[in-house]
């Protein structure tokens, strides 16, 4: 956890007269109704694998304590229903995966998938990922960052809500360990171009467009993008130390 007094987490910010602050976030909260399968996954695993929002407010909050061990940390933003999460985590038992997802049914679905493959090294958090990375993760403490198919917010008036911005790139780079990798994928070419422009301009990152990461499974979401005629772009950027 970073030192100092933390600012209120998103959805907790109020004006002096008690009104809620209007916030520009990178996501929109969706429905919360579970299917029977999701309900079963949630019931079986949420007590152990889900981080309640209020838990991050504790002065002694520790990411390592969530897993009960010290291990290299992978952070995933927006795992959806966890198709990639389950497959990747199951083959990386020596790593801990902290996944940020605000869609509760998706988390429940992902928990069921993890349970099915016997992976116990993932914890889910619904607190805003940008806030959490800034306030809960130590500099140079992340081995890898995964951002697969973030919301493209394709309408021009919504571009300000995109995750990959110069400000977030600088924050993410600061949290990556030297040599740590940020892996991204998108099926929107305009967003891919923005990602390249933003990440190329960040002094602590080096990389670009790469061949499809073979370890990343083809998910239902990705197949829908391909069926719609959109090309998939994979990117990988590594944390480097430079004189800046």
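The values are calculated or read from the model by the stated rules, or taken from the named source; none is laboratory data. What you are looking at is a predicted structure, and each value in this text was computed from that prediction instead of being measured. Note that each Cβ is placed from the backbone with ideal geometry, even for glycine, and that neighbours are counted across all protein chains shown.
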* Structure fact -> Of the candidates 192, 236, 173, the one satisfying the condition of being modelled with pLDDT of 95 or more, under 22 Å from residue 100 (Cα atoms) and part of a strand (DSSP E or B) is 236
* Among the candidates 58, 90, 126, 140, which residue alone is modelled with pLDDT of 95 or more and closer than 26 Å to residue 42 by Cβ? -> 90
* Structure fact -> Reported set for the range 196-226 where residues are over 20 Å from the mean Cα position of the chain (by Cα), in a helix (DSSP H, G or I) and at pLDDT 95 or above is 197, 200
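When you go through 110, 192, 143, 173 one by one, which is the residue that is farther than 26 Å from residue 63 by Cα, touching a residue at least 40 places away in the same chain (Cβ under 8 Å) and buried (at least 17 other Cβ atoms within 10 Å of the Cβ)?
Residue meeting the stated conditions: 192.
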* Asked: Of the residues in the range 60-90, how many are in a loop (DSSP other than H, G, I, E, B) and in contact with a helix residue (DSSP H, G or I) (Cβ under 7 Å, 6 or more places away or on another chain)?
  -> 6
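One line per residue, one yes/no per condition, for (1) touching a strand residue (DSSP E or B) at 6+ places or on another chain (Cβ under 9 Å); (2) more than 27 Å from residue 96 (Cβ to Cβ); (3) exposed (fewer than 13 other Cβ atoms within 10 Å of the Cβ); (4) modelled with pLDDT of 95 or more:
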{"residue": "14", "(1), (2), (3), (4)": "yes, yes, yes, no"}
{"residue": "26", "(1), (2), (3), (4)": "yes, no, no, no"}
{"residue": "34", "(1), (2), (3), (4)": "no, no, no, no"}
{"residue": "42", "(1), (2), (3), (4)": "yes, no, no, yes"}
{"residue": "50", "(1), (2), (3), (4)": "yes, no, no, yes"}
{"residue": "54", "(1), (2), (3), (4)": "no, no, yes, no"}
